[in-house]
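The values are calculated or read from the model by the stated rules, or taken from the named source; none is laboratory data. Remember, predicted model here, so these are calculated numbers, not experimental data. Cβ sites come from the backbone with ideal geometry, for glycine too, and all protein chains shown count toward neighbours. We work out accessible area using only protein heavy atoms, side chains counted, and drop any ligands, DNA or RNA first. Shrake-Rupley method; radii C 1.70, N 1.55, O 1.52, S 1.80 Å.
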Amino acid sequence: MNYLNLDKDKTEKTVQELNVLLSDYHVYYQKLRNFHWNVVGKNFFDLHIKFEEMYDDAKLKVDEIAERILTLRYQPTSNLSEYLKKSNLKESKSEHTDVEMVNTLLEDHGTLIQQMRKVVERADKAGDEGTIDLIGAYIRELEKTSWMLDAWRMNTSDNHQSV
Ligand SMILES: [Fe+2]
């Protein structure tokens, strides 16, 4: 731990939250594969491709989160049964309309962002800039993806709020 110059107790709290985020990401990843396979209807081609793009991105993040935990010199949660126990997210059935799938993902994004903010809060208390930098970027990316999914749900006649 010393080579990182981080407080052990405070870092342990960050790692606990990172392991929850890692669990969330596994459930989210599999949900995207589920939706990629099982989406049907007129939007099939768009969403089939979009969900693949999203699960490829989630796969990279799963690895980065686990390796951040290892960098902090702790063990990442590594079993599916533990992911299901620790995750804030619930698995989805496969029979959903395209709009229900997008709604589910947007809800999950809200949960993921909440968990990411928890990690950043803990990392901030530990002075752990590396974790803040990694997870802060995830927050920004997920917020942007959420806007795009939200725009997909809107009608062409809808407008964004003006100030
Ligand atoms: Fe595929």
Residue by residue through segment 69-93, note down the ones that are part of a helix (DSSP H, G or I) and in contact with a helix residue (DSSP H, G or I) (Cβ under 6 Å, 6 or more places away or on another chain).
-> ILE69, TYR83, LYS86
Within segment 49-104, residues being more than 13 Å from the chain's Cα centre (by Cα), surrounded by fewer than 16 Cβ atoms within 10 Å (Cβ to Cβ) and within 16 Å of the ligand (Cβ to nearest atom) number 4
All positions within segment 11-32 that are farther than 15 Å from ILE69 by Cβ and open to solvent by 60 Å² or more (accessible area, probe 1.4 Å) = GLN30
Does ASP108 fit the bill of being open to solvent by less than 20 Å² (accessible area, probe 1.4 Å) and of a type in the set (Asp, Glu)?
-> yes
